Structures are given as C-alpha cells and as structure tokens.
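Down below is the structure, laid out as structure tokens.
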Amino acid sequence: MSEAALADQSLFAQNRRAFLLRKLHSLTGVAPVGAFMVFHLWTNAKALQGQEPFDKAVAEITHTPYLAIAEWGLILLPLLFHAGYGVKLALDAKYNVSKYKTTRNWAFTLQRVTGLLAFAFIAFHLYEYWGKKLTGKLAPEQFYPALCQNMSATVKGIPVVGLLYVLGIAASVFHFANGLWGFCFSWGVTVSRRSQQMAAAVFGVLGVAIFLLGANTAIYFATGSSVQDMIFGKKGGSDARTCVDILQQTQKPASVGPVID
Amino acid sequence: MANSDTTKGTGRLVHLRVKRQDSPDLPETRRWEEFKVPYLPQMNIISALQQVQKEPRTVDGKDVAPVVWESSCLEEVCGACTMVINGRVRQACSALVDQIAPNGEVIQVEPMTKFPLVRDLIVDRERMFQDMKKVKAWIDIDGTHELGPGPRESPEAQQERYPLSRCMTCGCCVEACPQYNDSTQFVGPFALNLVRLFNMHPSGALHKNARLETVMGEGGVQDCGKSQNCVEVCPKEIPLVDSIAQVSRDATKRLLFGWLLK
Ligand code: HEM
Ligand code: SF4
Ligand code: SF4
Ligand code: FES
C-alpha cells in the first residue's frame, strides 16, 4: 500500500478490521453491557422493599414497547459479542503473573479470569430466569418467590446459590470497574501516570459501591435480611410480602435468619 | 581476565543452572544442566558463562558441549545478551553475581521465551525487526536531493524525546508482555514507543498518519492489555506506558476525526 493510500484511510478501511473489532469490544463492555449491569443491579435492589415493589418494577420492564428487540439488540447480542471476543482474548494471553507480580499484571490477569467467571455466571443466571421465562416455565410474578427459595436453600447451613450469586456479582463488578479503567487507558483518556492512578481510585470506589448494591440484594434473598437490617435491625411498617413471609408460607424455614454476619 | 589458578584460592563457587537445547528442531534435547565455576571479582553472568566455556563440565562431572550465548557491548547498550535470569528477563552483562547470588545461591539462566530458539541461550529476535518495519520506525529521507538543514528543535522537545530514543531492541519488554506471543501479531511496547518517538520528530511527523495507521491495523496498539509489565522490565527506563497511552490517544483521535479531516 502506498504512503498516500495509508494516510488517507476511510473510517472502516479493511486493514483496520482488528482495531475496529477491538474498539467495539471495548465499547460494548462499557455500554450497553456494563451500563445494563448497573441498571439491573439497581432495579433488583427494589426487592429489599418486598415483592410488590419488585413485581411492579419487573412489570414495567416487561411492558416496555419493543422489549424483545431491546433485549436482543441492546443486551444479548452486544453481550454475546463481548463475551465471545473476550474469551478469545482470555485464551490469547500468555499469563506471567507468577513471575512479574505487579498490581497491574494482577489486574490484567484478573480481568480475564473474572471475564470467564462472569461468562459462566451470566449463562447460569440467564438460564435460570430469562430462559425459564421464555419457555413459559416461570411467570414474571414467580421470580420473587423463586429467587427467595433458590438463594436461601442451604447445604450444610450454607446458602450455596446465594453465595454463588455474591461471587458472580463480585467477579462481574471487578471486571466492569477494572474494564472502565482499561477503557480510559486504551481510548487515550488517561495518558499520564497520575491520571491513571486517579482513575484507579475513582473506579475502585465505584466498583465497591456497585458490588455492595448488588451483593446486598443477593444477601437479602439468601438470608431474609439485608445488610442494613442486620446492622440496624429490621424496620417494620411496610405491608409488602417479604422473603421471610414467603419462606414461612411454603414451610421452608430452613435458613431464615442471619447466616452471614 | 584473571587466570583461574589465582582465583581458585578463594574457593568461592558460582552455581549456574542453564536451560539448554541443541538446535531449534531438536526439542527433545531440551534440558537443564548445572555448572559450578570459580568466582571472580565483579563477576557477571557473561563472565560466569565464559568460565563454563573454558571447562564445560556439569556438576555431576559430565563433559558437555560449551553453552552458547550472545553478547557484544558488555555494558548494557546493545541488548544482545538479554536472557531470563532467575525468572526475570534482563541483560546478562549487567546481572552481577554479587547482587543476585551473594551467598552462592543457584542462578537459573534461560533463553527468552517469545522468540524462536537458535541454540542454548541464543534466540532469534527477527520478529522485533519486522515489528519496527511494520510501524515505519524511521524517518524518510530518500537522499535524491538536498533538503537543507532540518527544522530547529527546542531543548524541551529534545529532552522529552531523548529517553524514548534509548531503546536497544533488547526484547525485555516483549518477553514480559503477556500480549506478545504466537497467538497475536502485536508489534509490542517498544515499537509503539518508536511510533511516538518518530511522530514527535519534526521530520518524522510528516508521516505521522501513515505511522498511526500501521498501529491501527492487525497487531496494533489495540493489542496492549494494559498489564504494564513492559515498563517494569525495560532496562533503559523508557516510559513505555506513557508512549502507549499517547499513541492510543492519537489513534482514537484519528479514528474519530481522521475521516472528517481528509
Ligand atoms: C458482566 C458482563 C461484562 C461486562 C460488564 C464487561 C465489561 C467490560 C469492560 C468495560 C471492558 C473494558 C474494555 C477495555 O478494556 O477497553 C471489558 C474488557 C474485557 N472483557 Fe468484559 N465484560 C463483561 C463480560 C465479559 C465476558 C463474559 C468476558 C469473557 C471472558 C469478558 C472478557 C473481557 C476481556 C478479556 C476484556 C479485556 C479487554 C482489554 O483489556 O482490552 N467480558 N469488559
Ligand atoms: S502494558 Fe501493554 S504493551 Fe506493556 S506489557 Fe502490558 S500488554 Fe504489553
Ligand atoms: S523498550 Fe526497553 S525493554 Fe523494550 S526493547 Fe527497548 S530497551 Fe529493551
Ligand atoms: S552485551 Fe550488550 S547489553 Fe549485554
């Protein structure tokens, strides 16, 4: 290719394919996939107020116009692309964190490990709820009781599924927060080392906050109490149906109560 | 070099464990061999290997072919002697025995892993030279006509550029880079640094876009995974991460606005 031709590239020139794909991967990670995850964890937190507010939020989403197009076009396809290309990236790297043990090399490694964990977790989670909704095995109103029951079921006193959710959320959120840091680097937003350190602090705090938001809901489903309930005691007053009510009704008292201190 | 009779008196030995292979097509000859050689004052890994060469006998008394390696300047400016010493990539000529094995510890010496092996500690760094070609790591002067004096440079610009120009293509950065391997065509941190260096040069800047375009292709700047190992191991302390970040920013600008400004 001549010099002039090289300097005169159009936006989607053929030789830029790898670059554009990678940029698309990066972009899809932040939005829609990442943005959706934050929105999703936020909506889920309504569960803390009991079944009725939660069902209302679910119903609102269920009645969004063009839901199927939005679900597929804005969430699933971008996620599939990001995840598929992400697996390729995870397999392409030659890891060496056992030799070069720096924080950033750990972050690099964990970015890929948590990507794979998020992949497994999201597949499991989608199968359990979205898949069963599509096949008619689970109506949206059954989500709440199903969540309470699944996550609180214990094996030897440990709410295994609840714990799995906390870990899955931890992996996804680390992946997202560290991904945002990487996004800022690879798009040339943070060029100086100082700005990179500041970005690490900001996204670190943001990540912890998103994790607490998400994990709290899972803890609530698993134990019947949110973290704030455990610290400040339960607030009475609301008449919405809670997980405790549901588990009493179905006579599965097994693990209600603060399993996690 | 001191002759071995005068130094044998000290009794101190240097213990080397060397990864060997006879030729690229004989992977079955891959093996570890251990040598103990007399210590010499201010010994580095090259002089230790020279002692092995004098008397190539392993610790179990087996006579073997001498270990081969590459070196030239012996003062950490040519990069030829790069190898993996105690798990970390560095120059053998500046790896001092007193520092890495003050109490006679075993010193493990291996060839770099990111390049085709030639023999023992010698690898073929050809890929790095191809990377440099790919990114147009030069300034175009075809010599057909008189260009006159080049543009004047401010001392500030010079000071910024000088550290970037110290690269000796030694391979440390790509050896430590998890993204530089057989599964990718990544040009590597050193090449991205050269893009920044030549794009900053007043004459080199004339081909800034062509150079940028090369790192917006297969194996370009997008392949950096941000592990920042490169900057940790660069013996010339080149601010590689700053260079990658700068090239990333230039690439983003070109992606977003390049087509508008045609
Ligand atoms: C919860 C779902 C996910 C979210 C929110 C997410 C988000 C992100 C973000 C924001 C980035 C940063 C992009 C950049 O570096 O420029 C990223 C990168 C990455 N993602 Fe994901 N991702 C998700 C799922 C996955 C999955 C399932 C995989 C599969 C293994 C994956 C693999 C990767 C990899 C390897 C990177 C690193 C790219 C790089 O360093 O440049 N991600 N992700
Ligand atoms: S920061 Fe990029 S170029 Fe440097 S070692 Fe890590 S992946 Fe390689
Ligand atoms: S950038 Fe540093 S580590 Fe990389 S080849 Fe040049 S001198 Fe060696
Ligand atoms: S021999 Fe030149 S760098 Fe070691």
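The values are calculated or read from the model by the stated rules, or taken from the named source; none is laboratory data. This is a predicted model, so every value here is computed, not measured. All Cβ positions, glycine included, derive from the backbone under ideal geometry; neighbour counts span all protein chains shown. Accessible surface areas use protein heavy atoms only, side chains included; no ligands, DNA or RNA. Shrake-Rupley method; radii C 1.70, N 1.55, O 1.52, S 1.80 Å.
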Notebook entry, point to check: So which residues in the stretch A:83-122 are within 16 Å of ligand 3 (Cβ to nearest atom) and assigned to a loop (DSSP other than H, G, I, E, B)?
Noted result: A:ASN96, A:LYS99, A:TYR100, A:THR102
Note to self: Which residue is nearest to ligand 1 (Cβ to nearest atom), if the candidates are limited to the stretch B:244-260 and must be at the interface with chain A (Cβ under 8 Å from one of its Cβ atoms) and outside any helix (DSSP H, G or I)?
What the structure shows: B:GLY258
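For the stretch B:66-79, what are the residues that are touching a residue at least 12 places away in the same chain (Cβ under 8 Å) and either under 20 Å from B:PHE129 (Cβ atoms) or open to solvent by less than 60 Å² (accessible area, probe 1.4 Å) (or both)? Even if it seems obvious, please write down each step before you answer.
Kept after step one, since they are touching a residue at least 12 places away in the same chain (Cβ under 8 Å), are these residues of the stretch B:66-79: B:66-71, B:73-79.
Scanning the stretch B:66-79 gives B:PRO66, B:VAL67, B:VAL68, B:TRP69, B:GLU70, B:SER71, B:CYS73, B:GLU76, B:VAL77, B:CYS78, B:GLY79.
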Notebook entry, point to check: Just one of the numbered conditions (1) of a type in the set (Phe, Trp, Tyr); (2) in contact with a helix residue (DSSP H, G or I) (Cβ under 9 Å, 6 or more places away or on another chain); (3) open to solvent by 10 Å² or more (accessible area, probe 1.4 Å) is not true of B:TRP32; which one?
Noted result: (2)
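So that you can scan it fast, the table gives a plain yes or no per residue for (1) touching a Lys or Arg at 6+ places or on another chain (Cβ under 9 Å); (2) farther than 28 Å from A:VAL58 by Cα:
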| residue | (1), (2) |
| --- | --- |
| A:ARG104 | yes, yes |
| A:PHE121 | no, no |
| A:LEU138 | yes, no |
| A:PHE143 | yes, no |
| A:GLY168 | no, no |
| A:PHE185 | yes, yes |
| A:ARG193 | no, yes |
| A:GLN197 | no, yes |
Notebook entry, point to check: Is there any pair linking a residue in the stretch A:121-139 that is surrounded by 12 or more Cβ atoms within 10 Å (Cβ to Cβ) to one that is in a loop (DSSP other than H, G, I, E, B), with Cβ under 7 Å and at least six apart or on different chains, and which?
Noted result: A:TYR129/A:LEU138; A:LYS132/A:LEU138
Margin query: Restricting to the stretch B:230-243, and then to whatever is part of a loop (DSSP other than H, G, I, E, B) and either in contact with a Leu (Cβ under 7 Å, 6 or more places away or on another chain) or not assigned by TED's automatic domain parsing to the domain that holds B:ASN181 (or both), can you tell me which residue is nearest to ligand 2 (Cβ to nearest atom)?
Written below: B:CYS234
Margin query: Anything in the stretch B:35-65 that is closer than 21 Å to B:GLN21 by Cβ and open to solvent by 60 Å² or more (accessible area, probe 1.4 Å)? List them, or say none.
Written below: B:GLN50, B:GLN53, B:ARG57, B:VAL59, B:ASP60, B:LYS62, B:ASP63
Check: Here are some conditions: (1) part of a strand (DSSP E or B); (2) farther than 19 Å from B:ASP182 by Cα; (3) within 14 Å of ligand 3 (Cβ to nearest atom). B:VAL84 meets all but one. Which one does it not meet?
Finding: (2)
Item checked: A:ALA90 over 14 Å from B:GLN179 (Cα atoms), more than 8 Å from chain B (Cβ to nearest Cβ) and free of Cβ contacts under 8 Å to residues at least 60 places away in the same chain -> no
Note to self: Filter the stretch A:172-212 down to the residues that are open to solvent by less than 30 Å² (accessible area, probe 1.4 Å) and among the aliphatic types (A, V, I, L, M) and list them by number.
What the structure shows: A:VAL173, A:ALA177, A:LEU180, A:VAL191, A:ALA199, A:ILE210
Notebook entry, point to check: What number of residues within the stretch A:112-170 are in contact with a Pro (Cβ under 8 Å, 6 or more places away or on another chain) and within 20 Å of A:LEU76 (Cα to Cα)?
Noted result: 1
Notebook entry, point to check: Within the stretch B:202-219, can one find any residue that is within 16 Å of ligand 3 (Cβ to nearest atom) and of a type in the set (Lys, Arg)?
Noted result: no
Notebook entry, point to check: Is it true that B:ARG125 is in contact with a strand residue (DSSP E or B) (Cβ under 8 Å, 6 or more places away or on another chain), open to solvent by 20 Å² or more (accessible area, probe 1.4 Å) and within 25 Å of B:THR169 (Cα to Cα)?
Noted result: no
Checklist line | Criterion violated by A:ALA18 - all others in (1) assigned to a loop (DSSP other than H, G, I, E, B); (2) open to solvent by less than 60 Å² (accessible area, probe 1.4 Å) satisfied | finding: (1)
Notebook entry, point to check: Restricted to the stretch B:154-187, and to residues that are within 16 Å of ligand 1 (Cβ to nearest atom) and in contact with a Phe, Trp or Tyr (Cβ under 8 Å, 6 or more places away or on another chain), which residue is nearest to B:CYS93 (Cα to Cα)?
Noted result: B:CYS177
Notebook entry, point to check: If you take the residues in the stretch B:84-101 that are open to solvent by less than 10 Å² (accessible area, probe 1.4 Å) and within 14 Å of chain A (Cβ to nearest Cβ), which one is farthest from ligand 2 (Cβ to nearest atom)?
Noted result: B:ILE85
Check: A:LEU80 passes all but one of (1) closer than 30 Å to B:GLU218 by Cα; (2) open to solvent by 80 Å² or more (accessible area, probe 1.4 Å); (3) not in a helix (DSSP H, G or I); which number fails?
Finding: (3)
Margin query: I'm told B:VAL97 meets every condition in (1) touching a helix residue (DSSP H, G or I) at 6+ places or on another chain (Cβ under 9 Å); (2) aliphatic (A, V, I, L, M); (3) within 12 Å of ligand 4 (Cβ to nearest atom) except one. Can you identify the failing condition by its number?
Written below: (3)
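Give, as residue ranges, the helices (runs of 4 or more DSSP H) completely inside the stretch A:158-234 that count at least 1 residues that are within 14 Å of another protein chain (Cβ to nearest Cβ).
Here the list reads A:160-186, A:193-223.
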Margin query: Take residues that are more than 14 Å from every other protein chain (Cβ to nearest Cβ) and within 10 Å of ligand 2 (Cβ to nearest atom) and tell me which of the helices (runs of 4 or more DSSP H) falling wholly in the stretch B:146-229 contain 2 or more.
Written below: B:189-200
